[in-house]
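The values are calculated or read from the model by the stated rules, or taken from the named source; none is laboratory data. These numbers come from a predicted model, not from an experiment. Note: ideal-geometry Cβ built from the backbone for every residue, glycine included; neighbour counts use all protein chains shown. Areas reflect the complete protein model, heavy atoms only, side chains present, ligands, DNA and RNA absent. Shrake-Rupley method; radii C 1.70, N 1.55, O 1.52, S 1.80 Å.
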Amino acid sequence: MKATQNLDAQDGFAMTFNKPNGWMNSFIPWILPALFFMGWFLVSRFEIIPAYLMPSPRQVGEAGVMYAFGTPGEGPYAGRFWVDAWVSCGRVLAGFSLAALFGIPLGVLSGRVDAMQKTLSTSINALRAVPGICWLPLAMVWFGIGYKTTLFLVALAAFFPIYINTAVGARQVSPLLFQAGAMLGVRRMNAVFSILLPGAMPSILAGLRLGLGISWAYLVLGELTGVPNGLGAVIMDARMLGRIDIIIVGIVLIALLGRTSDLLLSGVFRLCFKSARRLA
Amino acid sequence: MTTQLKLIPGHKKELQAPPVLQVSKLSKVFKTGDGPMTVLQDVHFQVAEGEFLCVLGPSGCGKTTLLNVLAGFEKPSAGKALLEETPIMESGPDRCVVFQEDTLFPWLTVKENIAFGVKGLSKKEKREKTNHFLDLVGLTPFGDYLPREISGGMKKRVSLARVLILQPRILLMDEPFGALDAQTREEMQDLLLSLWNQFHHTIVFITHDIDEAVALADRILVMQKDPGMIAKEIRVRLSRPRERTESSFQDYCKALYQALKKPQP
Ligand SMILES: Nc1ncnc2c1ncn2[C@@H]1O[C@H](COP(=O)(O)OP(=O)(O)O)[C@@H](O)[C@H]1O
Ligand SMILES: [Mg+2]
């Protein structure tokens, strides 16, 4: 008892740091962003980098407000955010859903069925080794510019992490749990839903989250090809008009949407599945 | 013979009943990298209604394999295993297993684990039944805990409750208390005996622990290794509750120790 107390006293800093609700914990994540903003402010204040390359925080902030809340027609980008975000989110959702629709069942199959694993793994790993951007020219030839190409790129890129993580999770569910289930009267097919998927849930969710993150990356790639709207399109458009402030606004908004969608995904899974709530 | 009959007082009709479990000339051969390996050879025994049978043997002698055949997880290579004269084909809730390892579903609470196999009841009936069995194993305050939040002994209680609730014809237990500390193990043995005294389950209990076998069993089958077969059968004629310190208890332990040690012809 005594020894532990002494240790705690010496390790005061570590203690605060590790406490789940310590003030340090809510403070620490903001240190880097704060430093970054200070640096940015100083750089533009003293014109170390010229404004046409790196606009000031204030200019970017104003551009952002204009982009999100301006009246359409007021300026080149005024008020476009909602349409762009809506379109982009729709594309991510569609591509990501497609990836999950194929990734989870195929992952489960190759995690549990040896023949399936042998059939799929070499081909899928070979495809996975191809950088996603290589598909862009082919996709543009096949699907033209716009929605279909974006969908294809997003679905393809998000598929691999979902498939691989699901397979790993499915493989790791202990055979003893299936025996226990069978002994308690679970039929073979029911075991997929009552034992396999819950048991593999942490991996499946990890795969989905990785896949969703990648979806946003490939969304932008798809939209850069020159579609009329979407966050990627805005960034591309702004580049041609030399509006660095809008490019930065676009980047920040994609980061925000990416993070929000990740939280939403985890939240929905926690809400819907005991296993996600209790294991992940 | 007589000791086994007195376990079910007042059930005259069942005294003539056929054995619950009949294992005859059972063999199991595994194909391995270096040829076939005979793990069980000509295992032959019966278990009567309400009997507490222990199978005692050194590790690797095929105890788990025997239990896997009885549970229906493995098919015998030769011979038969009959549950009430029906051949055992696949696993099912009439032959419930308490495993050596922890096999609770980690995403379900204690209560949900216990209720897992219960079917065909209304929500309310199911809840009441679950609470009843939760209480039987002394875990009422822990019903909403997750498996990772409770101790090893408590997990075993849950494992026991989730099979007892299904009222299996036979209870198969594979070194269930092997991983517990000595004190918890004795608590669990006492719990199991008190439940058995109330409900007269038919139990096949596998162990490598001589003390445990003598404390629990009506009859002990001693298994030998390479190949796994039954070397000796000992009926434990001790009154219950049994005292480990008594000399008659110790005599049984010595006899079993000799039986396990004796080189087989
Ligand atoms: N599926 C299997 N394939 C090959 N050998 C097995 C298999 N299962 C068990 N064995 C072998 O059978 C022997 C008995 O194993 P087991 O029944 O687990 O023994 P115990 O439970 O008595 O310790 C061991 O030598 C083990 O390696
Ligand atoms: Mg074993």
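Considering only B:Leu180, B:Leu121, B:Leu192, the Gaussian network model of chain B with Cα springs below 10 Å gives its largest mean-square fluctuation to B:Leu121.
Only protein heavy atoms count here; under a 1.4 Å probe, B:Glu243 has an accessible surface of about 100 Å².
Peptide B:222-231 has a mean of 0 when you count, residue by residue, the C-beta atoms of other protein chains within 10 Å of its C-beta.
Converting phi to 3J(HN,Hα) with the Karplus coefficients 6.51, -1.76 and 1.60 and the offset θ = phi - 60°, the range A:243-257 yields 8, 4, 4, 5, 4, 5, 4, x, 4, 4, 5, 5, 4, 5, 5 Hz in sequence order, with x at every glycine or proline. Taking each of B:Lys31/B:Lys75; B:Lys63/B:Lys232; B:Lys63/B:Lys111 in turn, the alpha-carbon distance tops 19 angstrom for B:Lys63/B:Lys111.
Computed over every Cα-Cα pair of chain B and binned at 10 Å starting from 0, the pair-distance distribution P(r) comes out as 7, 29, 35, 23, 6, 0 percent.
Only protein atoms count toward the accessible area here, which uses a 1.4 Å probe; on the range A:88-224, the carbon and sulfur part of that area reaches 71 percent.
Karplus-derived 3J(HN,Hα) values for the range A:69-75, using 6.51 cos²θ - 1.76 cosθ + 1.60 with θ = phi - 60°, are 10, x, 7, x, x, 5, x Hz; glycine and proline are entered as x. Normalising the average separation of contacting C-alpha pairs (under 8 angstrom, six or more residues apart) by the number of residues puts the relative contact order of chain A at 20 percent.
Which whole number gives the average count of other chain Cβ atoms within 10 Å of the Cβ atoms across peptide A:189-198? Per-residue shielding by partner chains comes out at 1.
Taking all protein chains together and rolling a 1.4 Å probe, B:His208 ends up with roughly 100 Å² accessible.
Annotation for the range A:135-172 versus the range B:156-197: alpha-carbon center distance of 51 Å. With R₀ fixed at 45 Å, the C-beta to C-beta distance from B:Asp135 to A:Leu93 puts the FRET efficiency at about 0.40. Taking amide H atoms as placed 1.01 Å from N in the peptide plane, the amide H of B:Val55 lies under 5 Å from those of B:Phe205, B:Ile206, B:Thr207, B:Leu221, each 5 or more residues away in sequence or on another chain. May I ask you to derive the FRET efficiency for A:Leu101 and B:Glu101 from their Cβ-Cβ distance with R0 = 41 Å, giving the value to the nearest 0.05? That gives a FRET efficiency of 0.70. Estimated purely from DSSP H runs of n ≥ 4, each contributing -39500 (n - 2.57), the mean residue ellipticity at 222 nm for the protein assembly as shown is -18000 deg cm²/dmol once divided by its residues.
Database remark: amide H of B:Lys232 closer than 5 angstrom to the amide H of B:Val222 (H placed geometrically; neighbours at sequence offset of 5 or more, or on other chains; Pro and chain starts carry no H).
For the range B:104-167, relative contact order (Cα pairs under 8 Å, six or more residues apart, normalised by length) works out to 51 percent. Ranking of A:Ser110, A:Ser194, B:Ser239 by solvent-accessible surface, largest first: B:Ser239, A:Ser194, A:Ser110 (1.4 Å probe, protein heavy atoms only, all chains present). Per-residue shielding of A:172-178, expressed as the average number of other chain Cβ atoms within 10 Å of the residue Cβ, stands at 3.
The mean sequence distance of close C-alpha pairs (under 8 Å, at least 6 residues apart), as a share of the length of chain B, puts its relative contact order at 25 percent. Considering only A:Phe81, A:Phe69, A:Phe159, the Gaussian network model of chain A with Cα springs below 10 Å gives its largest mean-square fluctuation to A:Phe69.
For chain A, set up a GNM with springs between Cα atoms under 10 Å and report which of A:Ser215, A:Ser261, A:Ser121 has the largest fluctuation. Largest GNM mean-square fluctuation: A:Ser121.
The stretch between A:Arg188 and A:Cys134 holds 15.3 nm of extra length on full extension. This uses 0.36 nm per residue minus the Cα-Cα distance. Normalised by 2.2 N^0.38 Å, where N is the number of residues, the C-alpha radius of gyration of the protein assembly as shown stands at 1.36.
The label point for A:Arg45 and the one for A:Asn125, both projected 7 Å from the Cα toward the Cβ, are 5.4 nm apart. In chain B, the longest principal axis of the Cα atoms and the axis of helix B:123-136 are about 60 degrees apart. Against chain A, whose longest principal axis is taken from its Cα atoms, helix A:147-172 shows a tilt of about 30°.
For the range A:206-221, the Karplus equation 6.51 cos²θ - 1.76 cosθ + 1.60, evaluated at θ = phi - 60°, returns couplings of 4, x, 4, 5, 4, x, 5, x, 5, 3, 5, 4, 7, 4, 4, 4 Hz by residue, with Gly and Pro reported as x.
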